[in-house]
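All remarks here apply to the structure that follows.
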Amino acid sequence: MRLTIIQFGRDVSVELPPTEVTAANVASLTSQIRNIVKGGGTTNMAGCINEAANQIASAVPASARQIIDLSTDGVPDNAAATTTASRNAQAAGIDVLNALGVGAGVDVAYLETIVFPQPAGGNDGFVVVTADFTAYAQEIARKIRIETQTNAGAVQAIPTLGEWAMLLLGTSLMLVGGIFLRRRISY
């Protein structure tokens, strides 16, 4: 599985370029992710989706499935531009855009219009909102578990769930976009 992390607020920045996650590098990736400094400003979802599509398109080798997971705790600063970015990503060949929201400031109805495939729901093109960052990390781990299963139900050769937990639960991680809150969760 390849992971890209893009942080968006006022600016959009690639915090982790497309990187294959393996058991051998999960600890160093965890450290790198935990050291990301949170930006500030508005919620430039359109810029994030555009950059995510660009990062996916430029990754070599190309992925069999191309998924953008947009994580947010707010509403887009430009809804029309975000809708256009979503449509453009789908037209460019991105297979799935999911949205993961944290807290009460998320506009679920709007997010349901930009995820794909449509209609929103199921394992692809879903919107999930969690009450807090602990629940968010658990939802990301569940989502990855679903997406890394083969058609026969076997899990692909990727880091174990314990390794994913180390990577994901120690930080609020945006998988291709989103919010970042520096915090540690003890287990």
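The values are calculated or read from the model by the stated rules, or taken from the named source; none is laboratory data. The structure displayed is predicted, hence computed values, not measured ones. Positions of Cβ are backbone-derived with ideal geometry, glycine not excepted, and every protein chain shown enters the neighbour counts.
In summary, Ala46 fulfils each of the numbered conditions (1) of a type in the set (Gly, Ala, Ser); (2) surrounded by fewer than 16 Cβ atoms within 10 Å (Cβ to Cβ); (3) touching a Pro at 6+ places or on another chain (Cβ under 8 Å); (4) in a helix (DSSP H, G or I) with the single exception of condition (2). Here is the figure for region 97-148: residues that are in a loop (DSSP other than H, G, I, E, B), touching a Gly at 6+ places or on another chain (Cβ under 9 Å) and under 18 Å from Cys48 (Cα atoms) total 3. With respect to the conditions (1) surrounded by 19 or more Cβ atoms within 10 Å (Cβ to Cβ); (2) part of a loop (DSSP other than H, G, I, E, B); (3) β-branched (Val, Ile, Thr), Ile33 lacks only one, and its number is (2). The residue that is farthest from the chain's Cα centre (by Cα), among those in region 1-24 that are at pLDDT 85 or above, loosely packed, with under 15 Cβ neighbours inside 10 Å and part of a loop (DSSP other than H, G, I, E, B), is Ala24.
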